[in-house]
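This report concerns only the one structure given below.
The values are calculated or read from the model by the stated rules, or taken from the named source; none is laboratory data. Since the structure is predicted, the reported quantities are computational estimates derived from the model, not experimental observations. Here the Cβ is made from the backbone with ideal geometry for all residues, glycine too, and neighbour counts use every protein chain on show. To get the accessible areas, we keep the full protein, side chains included, count just its heavy atoms, and leave off ligands, DNA and RNA. Shrake-Rupley method; radii C 1.70, N 1.55, O 1.52, S 1.80 Å.
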Amino acid sequence: LLLFVAGFALYTFATLSYSYSKGERVGFVQKLSQRGWLCKTNEGDLAMVNIVGQQAEIFHFSVRDDAVAKKIETFAGHKVALQYEEHRGVPSSCFGDTTYFVVDVSKAE
């Protein structure tokens, strides 16, 4: 049992420490909310529009750091650039509902 718990903890640490991909998405944050019954996570949607009149593509993301979530909230109504890391195989939704974790945000020009 101890070996199983240690293996699970090591696997969880590995999936959260190493990113599968990194990138940036630009658009307008549609929503950012704290969700969950037991594990409260910050979840949001970013609307990305390339051409005026085109339907917006929605990018779903999670934010693990409350300071980054507050920073996103300060840019409400402005176009933002979200820097994210993709972590595949995270074994629980306690860390976020999506595989995309926002690590920083800046106001886009």
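Would you mind getting the accessible area per residue of the chain, heavy atoms of the protein chains only, 1.4 Å probe, in Å²? Spell out each step's value before the answer.
Details: 7270 Å² over 109 residues.
Computed with neighbouring chains in place, this is 67 Å² per residue.
Report the net charge of residues surrounding Ile58, where surrounding means a beta-carbon distance below 12 angstrom and charges are Lys +1, Arg +1, Asp -1, Glu -1.
0
How much mean residue ellipticity at 222 nm does the chain get from its helices, if each DSSP H run of length 4 or more adds -39500 (n - 2.57) and you divide by all residues, to the nearest 500 deg cm²/dmol? Could the numbers behind the result be given before it?
Working: 2 runs with 25 residues, N = 109.
Value at 222 nm, helices only, nearest 500: -7000 deg cm²/dmol.
Counting only protein heavy atoms and a 1.4 Å probe, tell me what percentage of the chain's accessible area is made up of carbon and sulfur.
Carbon and sulfur atoms account for 58 percent of the accessible area of the chain.
With axes computed from alpha carbons, what is the tilt in degrees of helix 2-17 against the longest principal axis of the chain, rounded to the nearest 10 within 0 to 90?
Taking the Cα atoms of the chain, the angle to 2-17 is about 20 degrees.
If contacts are Cα pairs under 8 angstrom and at least 6 residues apart, what is the relative contact order of the chain in percent?
Relative contact order comes out at 30 percent.
How would region 52-93 be classified by its alpha-carbon gyration tensor: rounded, prolate or oblate, with rounded meaning a/c under 1.5 and the a/b versus b/c comparison settling the rest?
oblate
Region 3-109: D in µm²/s via Stokes-Einstein (Kirkwood Rh, Cα pairs, 10 °C, 1.306 mPa s)?
109 µm²/s
With +1 assigned to the C-beta of every Lys and Arg and -1 to the C-beta of every Asp and Glu, and no other charges, what is the dipole magnitude of region 45-85 about the Cα centre in debye, to the nearest 20?
140 debye
Evaluate the charge dipole of the chain about its Cα centre and quote only its size in Debye, nearest 20, assuming +1 on the Cβ of each Lys and Arg and -1 on the Cβ of each Asp and Glu.
Charge dipole, the chain, about its Cα centre: 120 debye, nearest 20.
Given a Förster radius of 22 Å and the C-beta distance between Cys39 and His60 as r, what FRET efficiency does 1/(1 + (r/R0)^6) yield to the nearest 0.05?
Approximately 0.80, to the nearest 0.05.
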